[in-house]
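Below is one structure, written out as structure tokens; comments come after it.
The values are calculated or read from the model by the stated rules, or taken from the named source; none is laboratory data. The structure presented is a predicted model; accordingly, all values stated were derived computationally and were not measured. Note that each Cβ is placed from the backbone with ideal geometry, even for glycine, and that neighbours are counted across all protein chains shown. Note: areas computed on protein heavy atoms with side chains; ligands, DNA, RNA excluded. Shrake-Rupley method; radii C 1.70, N 1.55, O 1.52, S 1.80 Å.
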Amino acid sequence: MKNYDHNIIEKKWQITWTKNKVFTSIEKYNEKKYYCLVMLPYPSGTLHMGHVRNYTIGDVLARFHRMNGENVLHPMGWDAFGLPAENAAIANDIHPAIWTKKNIICMKHQLKSLGISYDWEREVTTCNYEYYKWNQWFFIKMFEKGLAFRKTAKVNWCKTCNTVLANEQVINGKCWRCSQYTEYKNLKQWFIKITNYADELIQDSQQLSGWPNQVIAMQNNWIGKSIGLEINFKLTLSQYTLKIFTTRPDTIYGVTFIAISQEHNLLKEVECYIKNYDEIMNYISKNKMQQTNNEYKDTAGIMIEGIKAINPINGNEIPIFIADYVLIDYGTGGIMAVPAHDKRDWNFAKQHNIPIIEVIKNNNKSILYKPYEGDGILINSDRFNGLTSSQALAKISKLLKDTACGKQVINFKIRDWLISRQRYWGTPIPIIYCNICGMLPVPVHELPVILPKDIKFSTKTSTLKTNKSFINVKCPKCQQNATRETDTMDTFIDSAWYYARYCDPKNMKSVFNSDKVNYWMPVNQYIGGIEHACMHLVYARFWYKVMRDLELVKTSEPFSNLLTQGMVTLNGKVMSKSKGNTVSPDKIIKQYGADSLRLFILFAAPPQKQLDWTIEGLQGCRRFIKRLWNLFYIINVKAKSTATVNEKVKIVQLMHTTIKKVTYTMQSSFKFNTAIANIMELVNSLYVYQSKSNDCKTSLEVYKTIIILLYPFTPHICEELWEMLGYKTNLSYYTWPSYNCNVVKNDFIDLPIQINGKVRGTICIPIEASQELIKQYIISNNKIATYLKNKTIIKFIYVKKRIVTIVIK
RNA sequence: GGGCAGGUGGCGGAAUAGGCAUACGCACAGGACUUAAAAUCCUGAGAUCCAUUUGGGAUCGUAAGGGUUCAAAUCCCUUUCUGCCCACCA
């Protein structure tokens, strides 16, 4: 018996696959394609177990679909721009390009040692100008369409990273990269008009039946569509009309104050009428002093004295407050406050002694202690009393619209995508500023605008601003001296369209060939972490729609199916470098083999769930692989033949049901853990059968099937055993086995007999037995018959091929 | 606070459409092989109690409580706990 030496076997097959270009994919326009995509990694240094899990899952599917006769695209690349490279440059005095390249080489080597079946000829690296040139090209296209624009805005600023952040990169007031509190700054920045597509992104999410509901819910919540009424409130003394946005016009009789944001331009407009103007300005400036967005005070605010708002529905005069909880950049920056039926309004009213008027009846619960935010029957609402909330909402809305006091509007939570970064390591924004001609895009034939290599790195200014030869340029229109934009693009742009570039990665003339893209796209299966539910996946969906409107692609959604894999933990805690609880894939592969690692990662939990790393579990998987290996050497050893015909039937039948279950897993459920368990059972059964039978033919047939079924999970050992069995062809394209549950006729089944809810025994009956016959079997079974002695049978239920239930008295 | 997911042995986790709960694996115990250990192979095992010469038997059991049903981990109601995401979005 030869020893199982994973190091030799795995290396051998990895070299064979590469040498024979086994996984190189080309367009075959008349063949069914399968595009399997995993989220491209940031080249941070080395692979972690999360990567291993992600890419192993993808590999299982890619390998299965190849065996299923589909033309598979399974590419890999590098999300290579970004801050860590620059931070490493500052800390270790190494250029980001060199640092990144070094990491890519290391991680690529690791991926190969895992035996992932990528088509490396399609490798994409986003920091290469061959790639980011097309970022710039897209930017110019969007600029021309008005989708990319520049404006001054209050932006989130991270002092530590020395750059702006998009809203969604600020988590609980902290920078998503360095976890420091951010602050606000007013700056001129580049934005992309994702809001133009907000409605479509929500609409089309309904088509994403292959996505987890959770992700769709998260995205829709993040985009945050809300339909409501913009209502005009006239003011006393002034001609100024204050607009507010509400989704609850049915509560308008309960309005007891108006609240506006401190940035609201009402203050300037009616300054002369405001009695406590100085006090208000004082309040605001004090507020600004302490303004980082790390905390909010839900009841802070100040009343504007000397002017009131008039409720358009009943003419009541109500006070106006500046309230910290009202946001300037949502809706109109002002609200009608209904403390009886809104928690925030209620808290504010309590704090400032504002009356609370109940207008929606809530079954016997008092609003003295808690606002009621649900629907109900209207009270204190004049002629609308007695209507339900929804009836009143329609009627009041109509009245306000008819009297020109209101109009229907739709608001979104999502803001335009802030893409400028004041950093070096990113795609330069291809814009030139000329004193004479103004702001101009770089002409397309001059692309790419290459990121210069010579930059001084320091914590203060790691930007292109320090590079004079980059900045100074001639105006493309008038040829006078001009300057380049020095901001670079958010790296989420790189990953918003990379999946399309894989379809034609070496194209130098255009972003990609449309025949190729339209053959491969959309991605059949996308796999990655749930942490990208909102940012990356929304940007990618948005970008794809822009590409569609540029007539580059024909469909509207890039990813048909999405699998979000769970985290890998150690003792229930996330593995991270800072916690020092990481497990290195390299060491594991060396000691136990890539096949064992892959098998454990797939077996320990269903892919969507959290996976806790245990070395004992890994060792168990290695033990199984060795059992499979040893089986090769005992399969031809003749045993004394004690196996019955029935046992042969059973093992063949088990083989077919295993094929069925594993196939189902691969096609739809992705519960690889149970598929592997099923194969383990078959191996266990084969051990037992082999020890009893000299029927080598059957054993060999089952063994061969096991190897094929296991191939997507543990490809190296399967290739090796396949070769040892005498097959010359590569297993990668060997046809996946079909199953036939009727291939062996089983005439008898074991049927459990339940009496008064308890299983009292099992009988073996002909599969087509009638109820009468079954009764006879039961009576002739001594054990079961005892329970029926001297009892009356009240009910006799036979669920075909499943169970018999008898109720007795 | 809102939304989603979930609670099954010592542990990770199984269980088509309501039909034998705990598959598979880990850890554990016993045995075989061995000078010994490792490795390997075989066997056992939800809990409690009873009976043990062999064979076994009873009760309880899928977070807790209730309901529907011949039959519930699965369906319905109430309670509770955990995880994740979102959170001044009017």
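For (1) open to solvent by less than 30 Å² (accessible area, probe 1.4 Å); (2) at pLDDT 95 or above; (3) over 25 Å from the mean Cα position of the chain (by Cα); (4) within 14 Å of RNA strand B (Cβ to nearest atom), each residue gets a yes or a no:
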site: A:Ile527; (1), (2), (3), (4): yes, yes, no, no
site: A:Asp549; (1), (2), (3), (4): no, yes, no, no
site: A:Val553; (1), (2), (3), (4): yes, yes, no, no
site: A:Leu570; (1), (2), (3), (4): no, no, no, yes
site: A:Ile601; (1), (2), (3), (4): yes, yes, no, yes
site: A:Leu631; (1), (2), (3), (4): yes, no, yes, yes
site: A:Ile634; (1), (2), (3), (4): no, no, yes, yes
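A quick yes/no check of all residues on (1) in a helix (DSSP H, G or I); (2) open to solvent by less than 30 Å² (accessible area, probe 1.4 Å); (3) farther than 28 Å from A:Pro712 by Cβ:
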| site | (1), (2), (3) |
| --- | --- |
| A:Phe64 | yes, yes, no |
| A:Gly69 | no, no, no |
| A:Phe81 | no, yes, yes |
| A:Ile90 | yes, no, yes |
| A:Lys102 | yes, no, yes |
| A:Glu121 | yes, no, no |
| A:Phe139 | yes, yes, yes |
| A:Ala153 | no, yes, yes |
| A:Trp157 | no, yes, yes |
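Listed conditions (1) part of a helix (DSSP H, G or I); (2) open to solvent by 10 Å² or more (accessible area, probe 1.4 Å); (3) of a type outside the set (Lys, Arg) are all met by A:Gln754, apart from (1). Exactly one residue out of A:Thr658, A:Thr674 is within 30 Å of A:Ile588 (Cα to Cα), part of a helix (DSSP H, G or I) and more than 7 Å from RNA strand B (Cβ to nearest atom), and it is A:Thr658. Taken together, the residues in the range A:123-137 that are in contact (Cβ under 8 Å) with a residue 60 or more places away in the chain, assigned to a loop (DSSP other than H, G, I, E, B) and surrounded by fewer than 19 Cβ atoms within 10 Å (Cβ to Cβ) amount to 1.
One residue stands out in the range A:669-720 among those that are within 22 Å of A:Arg622 (Cβ to Cβ) and of a type in the set (Phe, Trp, Tyr): the one that is surrounded by the fewest Cβ atoms within 10 Å (Cβ to Cβ), namely A:Tyr687. Within the range A:521-543, residues that are within 13 Å of A:Leu201 (Cβ to Cβ) have Cβ atoms under 6 Å from residues that are more than 16 Å from RNA strand B (Cβ to nearest atom) in these pairs: A:Tyr539/A:Ala496; A:Ala540/A:Ala496; A:Ala540/A:Pro558; A:Phe542/A:Tyr197; A:Trp543/A:Ala496; A:Trp543/A:Trp497, counting only partners at least 6 apart in sequence or on another chain. Mind checking whether some residue in the range A:30-47 is in a helix (DSSP H, G or I) and not basic (Lys, Arg)? There is no residue in the range A:30-47 that is in a helix (DSSP H, G or I) and not basic (Lys, Arg). When the range A:789-809 is filtered for residues that are at positive phi and near RNA strand B (Cβ under 10 Å from one of its atoms), only A:Lys801 remains. A:Ile774 falls short on exactly one of the conditions (1) of a type in the set (Val, Ile, Thr); (2) open to solvent by 40 Å² or more (accessible area, probe 1.4 Å); (3) more than 12 Å from RNA strand B (Cβ to nearest atom), and that condition is (2). A search for C-beta distances below 9 Å between a residue of the range A:34-56 that is open to solvent by less than 10 Å² (accessible area, probe 1.4 Å) and any residue that is charged (D, E, K, R) and not in a helix (DSSP H, G or I), counting only pairs 6+ apart in sequence or on different chains, returns A:Pro41/A:Asp79; A:Pro43/A:Asp79. Looking at the structure I just gave you, is A:Ser397 of a type in the set (S, T, N, Q) and open to solvent by less than 70 Å² (accessible area, probe 1.4 Å)? Yes: the conditions hold for A:Ser397.
Taking the condition under 30 Å from A:Thr332 (Cβ atoms), outside any strand (DSSP E or B) and either at pLDDT below 90 or touching a helix residue (DSSP H, G or I) at 6+ places or on another chain (Cβ under 9 Å) (or both), does A:Arg423 pass? So A:Arg423 does not fit the description; no. Across the range A:687-699, the number of residues qualifying as near RNA strand B (Cβ under 10 Å from one of its atoms) and either at pLDDT 90 or above or hydroxyl-bearing (Ser, Thr, Tyr) (or both) comes to 2.
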